[in-house]
Amino acid sequence: MLNALLPHSGNAFRIGISGVPGVGKSTFIEALGLLLIERGERVAVLAVDPSSAVGGGSILGDKTRMERLSMDPRAFIRPSPSSGTLGGVADKTREAIRLCEAAGFTVVLVETVGVGQSEAAVAGMTDLFVLLQLPNAGDDLQAIKRGVTELADLIVVNKADLDADAATGARSQFVSALKIMGHRDQAWRPEVLQVSALDGTGMEEFWQAACRFREVQTSSGGFEQRRRAQDQSWMWERIEAGLRERFRRHPDVRAALTSLSDEVREGRVAASVAARRLLDLFN
Ligand code: GDP
């Protein structure tokens, strides 16, 4: 089905949205989603939250968090698939993006919690990666996590209504941090914006910045290049996951695995030797 739909997919603007719990992701997505459907866009909201398998509740499981958006027929909200590993969850979400596009959605928002590898996974499946931050985050250099900040195409300081001075301070901290960090795309200079998702201030400016990003990336070729690279690494990720699973299921490997890994644990066989022996059994 994915293959049949492939020619009809690819037309949406894929936007990843990340930030620590409580930063205002749901509030931001609801505000943005409502703004966009008023302009005739069709908005799908997906999520990557591998922790939901453990905690039992997905970040989007409780749809009341986006009460108005979830009730609008022009929007579609899907909770995070709660099946196991990050790789599996990310895989299902990538497929869901294609299905949403084929169904005619023009903007796909992919939400993720600001922890661990899930941010990198979402940055690896979207056109634009947005990092939400709190106004006091600038005081705390820990909040400027290098890895994820380098992935950010736009940084949004949310809750600017609470303390405008703090938000302005945080904004300039991020601007200077970005100057020394560099960015994965040559043509784009990440911007730092200030918004209040709660009262809607700055949401219009956010959308303008997102569209600016899309224009710059489209004319530089970065947009297509990113998507092509993403498809390639998606394929390799699936190949590697599939190989690992087949390897573990292989009868000869299974027969030898327990004793060899015991021997490695006890220091009787070098790990690299054990790995080579097991790989030789797998053909
Ligand atoms: P998430 O965990 O990142 O999805 O955060 P939520 O969207 O659930 O927001 C967490 C809390 O912050 C809620 O009580 C929101 O009402 C509040 N909040 C979100 N955005 C803003 C904002 O711009 N200003 C203020 N004052 N509160 C906000």
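The values are calculated or read from the model by the stated rules, or taken from the named source; none is laboratory data. All values derive from a computational prediction rather than experimental measurement. A quick note on method: Cβ atoms are made from the backbone with ideal geometry, for glycine too, and the neighbour counts reach across all protein chains shown.
Structure values in brief
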item	result
Single match in G138, G116, G104 (criterion: within 16 Å of the ligand (Cβ to nearest atom), in the same structural domain as S70 (by TED's automatic domain parsing) and either modelled with pLDDT of 80 or more or not aromatic (F, W, Y) (or both))	G116
Matching option when the condition is touching a helix residue (DSSP H, G or I) at 6+ places or on another chain (Cβ under 8 Å) and at pLDDT below 90, among A160, A170	A170
Given (1) in contact with a strand residue (DSSP E or B) (Cβ under 7 Å, 6 or more places away or on another chain); (2) over 30 Å from A90 (Cβ atoms); (3) within 16 Å of the ligand (Cβ to nearest atom), index of the condition V175 fails	(3)
Flag if L60 is under 28 Å from A229 (Cβ atoms), within 14 Å of the ligand (Cβ to nearest atom) and at pLDDT 95 or above	no
Condition check for R238: under 21 Å from G10 (Cβ atoms) and under 22 Å from the mean Cα position of the chain (by Cα)	yes
Every pair of residues 6+ apart whose Cβ atoms lie under 8 Å, when the first sits in region 149-165 and is in the same structural domain as G22 (by TED's automatic domain parsing) while the second is within 16 Å of the ligand (Cβ to nearest atom) and charged (D, E, K, R)	L151/E119; V157/R171; D161/D199
Qualifying residue in region 208-219 (condition: over 30 Å from I37 (Cα atoms) and either assigned to a helix (DSSP H, G or I) or within 16 Å of the ligand (Cβ to nearest atom) (or both))	no
Residue in region 179-190 that is away from the ligand (no atom under 16 Å from the Cβ), part of a loop (DSSP other than H, G, I, E, B) and in contact with a Pro (Cβ under 6 Å, 6 or more places away or on another chain) present	yes
Contacts under 6 angstrom Cβ, first residue in region 4-25 being assigned by TED's automatic domain parsing to the domain that holds L134, partner of a type in the set (K, R), 6 or more apart	S9/R98; I17/K25; G19/K25
Considering residues of region 93-120 that are over 22 Å from L5 (Cβ atoms) and of a type in the set (A, V, I, L, M) only, the residue surrounded by the fewest Cβ atoms within 10 Å (Cβ to Cβ)	V115
Residues (surrounded by 12 or more Cβ atoms within 10 Å (Cβ to Cβ) and under 21 Å from the mean Cα position of the chain (by Cα)) located in region 167-186	F174, L178, M181, H183, R184, D185
